[in-house]
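Undergrad: Once you've had a glance at the structure underneath, I'll fire off some questions.
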Amino acid sequence: MVVIEIKQLKKLFGERELFKINNLKINENEKVGIVGKNGCGKTTLLDIIAGKLEPDEGKVEVKQDFIYLKQFNEVEEESKFLSGGEKTKQLYKRKLNLHTNLVLMDEPTNHLDMESILKLEERLKKYQGTLLMISHDRTLLDHICNFIIEIEDGEVTKYKGNYTSYQIQKEIIKKTKELEYFKYIEEKSKLEKAICISKNNSKEVKKAPSRMGNSEARLHKRDAEEIREKIDGHTKALERRLEKLEEKEKPKQEQRIYMRVEENRKLKGRNVLTAEHLTIQFPGKILLQDINFQVPTNAKIALIGKNGAGKTTLIKEILKGNEKIKIREAVKIGYFSQEFEGLEEEKTILENVMQDTVQGEVVCRNILGRLLFRNQEVYKKVKVLSGGEKVKVAIAKILVSDANFLILDEPTNFLDLPSLEELEKLIIEYQGTILFVTHDRTWMNHVANYLFIIEDKKLIQYKGNYEQYEKEKIRKKETKAKQEDDLVIEMKLIALDSKIALTKDPMEKEKLEEEYINLKKIQMQNKQKC
């Protein structure tokens, strides 16, 4: 059954066509993720479907009741002093009715900590209706969605499968286009060469020698004209084939610029910094109590924990030089925060990035290009940029600086998926130490090789990524549960052994011995599994 049907829809942004949809259907029970660059029209499309915005052309038919959750915009006045994550959780608690047949959601994981994201994901997994969701959380899109809608260059395309499946399909399309382009260039080159040879052959058809008589000359001329006509006919046929050859656009080639720390800034020791017996507290509240940790040189560390656990506070203690934190002399910190303190609003993107760089303009422009600032866009003033664009400029500025220890506080907020993926590649390539705060599980799996987990006022250091950490937690939990089961079995065996020794009734004794043997078998099986 079709739940949403869109026909001949067009939406303009000023005079520019934002996107168009000839025919798009969302069927019952489909879980659809909407992806695309910032500004491509994702939220606009949801607003049109929800009836909050009118299209310039076309028709949208929604055939079931729905709820539309736009983060925490609709939270009551009395909640205005809550944090972003608290507002989002309150909104979902009040309005996320999963008995509704259709749910529309715009960036549902924004501002949520990991625990809240996992709880929301579990709720959405159990949802039996139709879901249409904008999200930059790739793990959520993978775990929940069975269709992806992409808005790119004004075109809206629906792909079957989750986000990973969509990426695979996009890569296949890219490779196919590359193959088609090379075949086109090869065929075009062959035809142009053949035309050139044919024209030269036509020119080389010899005129009648002067010693020939008139009759012989006329015969030679007639034969030469026939040959030339045939050659010219062949040339025209080749030219027609060249004209009809379908032109293929050259696919964009990604420029790979590896971020290198200058030799004189490279760190040789084992650790960038060491903290011993560090306590962070406010009046009436202890965030971290007597913690010890080291930041290994060249490590990429994800700092994670619940909202309010003390992640940003710990970063600020590192930056201000808490006496319990010893930072090596050769360390130069590059810090990113959501306040964008290092950006000058009246200067251009390129001027900001070039301000303190140790790299040349070519490298800076290529880094900006990879973060989707291309051509003349680098001359935009920072004051006209969106939040997501400012994030990219601020991080680009740090990447090309002489810093050798980057601290990034929520760098993934406000970024669209293409920018998120490009930034991820740059961070992986960066040859220095990075400590970053994020709730993005894909980033924690792709980028991090260490985790710092703040939990119960302590800091747990783990070598590995988030997926490995979660698997180990499950394994430990299963091991603990098994140990508890083994202990219960052992206690039962001791109790049965005692009863068998005291029982004089043969029938009762036989029954107890049978129960004892069965428990012994279970105990042996559990040991063999280990």
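Undergrad: Which of the numbered conditions does Lys347 fail, given that it passes all the others? Conditions: (1) over 28 Å from the mean Cα position of the chain (by Cα); (2) of a type outside the set (Ser, Thr, Tyr); (3) over 20 Å from Leu399 (Cα atoms).
TA: (3)
Undergrad: Shifting gears a bit: Of the residues in the stretch 159-168, how many are surrounded by fewer than 16 Cβ atoms within 10 Å (Cβ to Cβ) and within 29 Å of Gln8 (Cβ to Cβ)?
TA: The number of residues fulfilling the criteria is 2.
Undergrad: Oh, and also: Being part of a loop (DSSP other than H, G, I, E, B), within 25 Å of the chain's Cα centre (by Cα) and of a type in the set (A, V, I, L, M, F, W, C) is the filter here; which residues of the stretch 1-58 pass it?
TA: Cys40
Undergrad: How about the stretch 169-180: which of its residues are open to solvent by 40 Å² or more (accessible area, probe 1.4 Å) and more than 15 Å from Val35 (Cα to Cα)?
TA: Within the stretch 169-180, Glu171, Ile172, Ile173, Lys174, Lys175, Thr176, Lys177, Leu179, Glu180 meet the criteria.
Undergrad: Related question: I need a count of the residues in the stretch 378-403 that are assigned to a helix (DSSP H, G or I) and loosely packed, with under 15 Cβ neighbours inside 10 Å.
TA: 4
Undergrad: Please determine, by comparing only the residues of the stretch 482-496 that are hydrophobic (A, V, I, L, M, F, W, C) and open to solvent by 100 Å² or more (accessible area, probe 1.4 Å), which one is nearest to Lys527 (Cα to Cα).
TA: So, considering only residues that are hydrophobic (A, V, I, L, M, F, W, C) and open to solvent by 100 Å² or more (accessible area, probe 1.4 Å), the one nearest to Lys527 (Cα to Cα) is Leu487.
For every residue, the table says whether it meets (1) of a type in the set (A, V, I, L, M, F, W, C); (2) at pLDDT 80 or above; (3) assigned to a helix (DSSP H, G or I).
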| site | (1), (2), (3) |
| --- | --- |
| Glu187 | no, yes, yes |
| Ile195 | yes, yes, yes |
| Lys206 | no, no, no |
| Pro209 | no, no, no |
| Arg222 | no, no, yes |
| Lys236 | no, yes, yes |
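Undergrad: How many residues does the stretch 124-166 hold that are assigned to a helix (DSSP H, G or I), within 24 Å of Lys63 (Cβ to Cβ) and touching a helix residue (DSSP H, G or I) at 6+ places or on another chain (Cβ under 8 Å)?
TA: Result for the stretch 124-166: 2.
Undergrad: Another question, then. Could you check, for the stretch 423-431, whether at least one of its residues is in contact (Cβ under 8 Å) with a residue 40 or more places away in the chain, part of a helix (DSSP H, G or I), out of contact with any strand residue (DSSP E or B) (no Cβ under 9 Å at 6 or more places or on another chain) and aliphatic (A, V, I, L, M)?
TA: yes
Undergrad: Considering the stretch 14-38 alone, what residues qualify as being in contact (Cβ under 8 Å) with a residue 12 or more places away in the chain, open to solvent by 60 Å² or more (accessible area, probe 1.4 Å) and within 28 Å of Glu422 (Cα to Cα)?
TA: Residues satisfying the conditions are Glu17, Lys20, Lys37, Asn38.
Undergrad: Over 55 Å from the mean Cα position of the chain (by Cα) and either assigned to a helix (DSSP H, G or I) or touching a residue at least 12 places away in the same chain (Cβ under 8 Å) (or both): which single residue out of Ala481, Ala501 fits that description?
TA: Selected residue: Ala501, the only one of Ala481, Ala501 that is over 55 Å from the mean Cα position of the chain (by Cα) and either assigned to a helix (DSSP H, G or I) or touching a residue at least 12 places away in the same chain (Cβ under 8 Å) (or both).
Undergrad: If you check Glu317, Glu346, Glu351, which single one turns out to be without any contact (Cβ under 8 Å) to a residue 40 or more places away in the chain, assigned to a loop (DSSP other than H, G, I, E, B) and either over 17 Å from Ile407 (Cα atoms) or among the acidic types (Asp, Glu) (or both)?
TA: Answer to the selection: Glu346.
Undergrad: Also, quick follow-up: Counting only residues that are buried (at least 17 other Cβ atoms within 10 Å of the Cβ) and modelled with pLDDT under 90, which one in the stretch 265-281 is farthest from Gly308 (Cα to Cα)?
TA: Checked the stretch 265-281; the qualifying residue farthest from Gly308 (Cα to Cα) is Arg265.
Undergrad: Can you name the number of the only condition in (1) modelled with pLDDT of 95 or more; (2) in contact with a Phe, Trp or Tyr (Cβ under 7 Å, 6 or more places away or on another chain) that Ala50 fails?
TA: Only one criterion is unmet by Ala50, namely (1).
Undergrad: Further question on the same structure: Go through the stretch 170-181 and report how many residues are of a type in the set (S, T, N, Q) and either within 16 Å of the chain's Cα centre (by Cα) or in a loop (DSSP other than H, G, I, E, B) (or both).
TA: 0
Undergrad: Which ones in the stretch 138-158 are open to solvent by 40 Å² or more (accessible area, probe 1.4 Å) and of a type in the set (S, T, N, Q)?
TA: The answer is Asn146, Thr157.
Undergrad: Being in a strand (DSSP E or B), of a type outside the set (Asp, Glu) and open to solvent by 30 Å² or more (accessible area, probe 1.4 Å) is the filter here; which residues of the stretch 433-465 pass it?
TA: Tyr450, Lys458, Ile460, Gln461, Tyr462, Lys463
The values are calculated or read from the model by the stated rules, or taken from the named source; none is laboratory data. The structure displayed is predicted, hence computed values, not measured ones. A quick note on method: Cβ atoms are made from the backbone with ideal geometry, for glycine too, and the neighbour counts reach across all protein chains shown. Protein only, heavy atoms only, side chains kept; ligands, DNA and RNA dropped before computing areas. Shrake-Rupley method; radii C 1.70, N 1.55, O 1.52, S 1.80 Å.
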